[in-house]
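Data block below; observations after.
The values are calculated or read from the model by the stated rules, or taken from the named source; none is laboratory data. None of these values were measured; they are calculated from a predicted model. Here the Cβ positions follow ideal geometry from the backbone for every residue, glycine too, while neighbour counts run over all protein chains shown.
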Amino acid sequence: MKEPKRPLGLYIHIPFCKSKCVYCDFYSLANREDAVKRYVKALKAHLGETAPLAEHHRVDTVYFGGGTPSLLGHRYLLDILDDIRGKYHLEKGAEITLEANPESAQSWRELRKLRKGGFNRLSLGVQSADDATLKAIGRIHTFAQAEAAVTAARKAGFRNLSLDLIYGLPGQTMDSWRSTLERCAALQPEHLSCYGLKVEEGTPLWKRQKEFSLPDDDLQADMYLWMVERLEELGYHQYEISNFAREGFASRHNTKYWALSEYAGFGPGAHSDFGETRYAYGRDLDGYITGVLDGTLQVEQSEHLPLRERDTEYIMLSLRMVSGINRHTFEYTYRRRFAPLEEVFLRYEAMGCAERTEQGWRLTPKGFLLSNTIITDLWEAICRDKLRREEAAARGDYRILP
Ligand code: SF4
């Protein structure tokens, strides 16, 4: 009998931006349009090189992220997508996402070419509905352009539209965040990703943080809790800490990251989890192009991680999801005892941070705000349990301890 093909997501990194936003920690470069042609050539060569490894996979999601993929224009984008189609088993009905910024998604004719060429999901970086805030963080579009981009996308035939927003921005108050969320929800996207601003080391925001008046942690937490409730009222179901969707529109690609499914990334800084190995390419555009084209491309990090050794990852990632951790999966797939986790969850349940599900436990919105602490506590409980069992085994006591 023929073995069924395994699902695989492809991530295509497009590391070009018109200019850099002050908070940005993604690998992307401004004013490097000169490299686009060679970059596309390198991407296609890299896709070709990897394709034989994916012979027994069916590609069910493709995600063009960045950077600003929409900057490339339909010719290059469709050229890459056609290349994927020619080299991989691209499933009919695969989710194919394009990230776009409002200023480069104004033409419905351009968007229609992309839609007709196979892209079926558009993720727009809107970030805020307040033009002064957008300017302060280095965005080069207005909210009116974001609204125009949504209109253009609908006219072009996109039926799966996601908006990216950030809360906790400089100068943002609860009222201005409320206004952003309401105005964005009024655009009726199928999906919303709402992230709390993080001041990442080395970014212009980090270097000049004193110049920006940033909401404190308490206000950011209030913004988050209000948002979760409000989006639920508006019919957007939370399925991950920062992601909300109408029924049937959760991002299939991003869910792969949290469900420990396989994905292969292409481009400088792109990460992969493919063939039981996690690996990433260096954040160096020219090094990537040269490396691919002359056959010397090296991965920067690589770690072989068989399924059984992914228990920590499973705890961390499953608890990002509203579906939560599954007791059976933890015990049978990862061969770990669940009892030590149960004790920690009970403690957090009493604080309103965790709740039982039919299959295990999940974090509540209040728990999501404390997820790092909770995950550390869970992991310490697992380590203590392991140590106890090893010590018992060393004494020759192999009973299953409570
Ligand atoms: S548009 Fe996105 S990738 Fe480009 S600089 Fe801004 S945040 Fe970074």
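Of the residues making up segment 16-31, at least one is within 16 Å of the ligand (Cβ to nearest atom), within 22 Å of L122 (Cβ to Cβ), of a type in the set (K, R) and not in a strand (DSSP E or B). Of the residues Y224, Y239, only one is under 20 Å from the mean Cα position of the chain (by Cα), assigned to a strand (DSSP E or B) and not aliphatic (A, V, I, L, M); which? Exactly one residue qualifies, and that residue is Y239.
For segment 287-301, the count of residues that are in contact with a strand residue (DSSP E or B) (Cβ under 8 Å, 6 or more places away or on another chain), acidic (D, E) and over 23 Å from S28 (Cα atoms) is zero. Residues in segment 44-62: is at least one in contact (Cβ under 8 Å) with a residue 24 or more places away in the chain and within 12 Å of the ligand (Cβ to nearest atom)? No, the conditions are met nowhere in segment 44-62. Take the residues in segment 71-124 that are away from the ligand (no atom under 16 Å from the Cβ) and part of a loop (DSSP other than H, G, I, E, B), then tell me which one is nearest to T50 (Cα to Cα). That would be Y88.
Filtering segment 376-391 for residues that are of a type in the set (A, V, I, L, M, F, W, C), within 24 Å of the chain's Cα centre (by Cα) and not assigned by TED's automatic domain parsing to the domain that holds D216 leaves a non-empty set. Residue under question is G196, and the condition is that it be in contact (Cβ under 8 Å) with a residue 24 or more places away in the chain and farther than 24 Å from T255 by Cβ; does it hold? In short, no. Among residues of segment 3-15 being part of a loop (DSSP other than H, G, I, E, B) and touching a residue at least 60 places away in the same chain (Cβ under 8 Å), the one that is farthest from the ligand (Cβ to nearest atom) is K5. Of all residues in segment 248-264, exactly one satisfies the criterion of being over 24 Å from T333 (Cβ atoms) and touching a strand residue (DSSP E or B) at 6+ places or on another chain (Cβ under 7 Å), namely F249.
Elements of the type helices (runs of 4 or more DSSP H) sitting completely within segment 128-204 and holding at least 2 residues that are among the hydroxyl-bearing types (S, T, Y): these cover 174-185.
Using the structure shown, decide if L305 is touching a helix residue (DSSP H, G or I) at 6+ places or on another chain (Cβ under 7 Å) and not polar (S, T, N, Q). No. Pairing each residue of segment 374-391 that is in contact (Cβ under 8 Å) with a residue 60 or more places away in the chain with any residue that is acidic (D, E), provided the two are 6+ apart or on different chains, yields C-beta distances under 8 Å for I382/D311.
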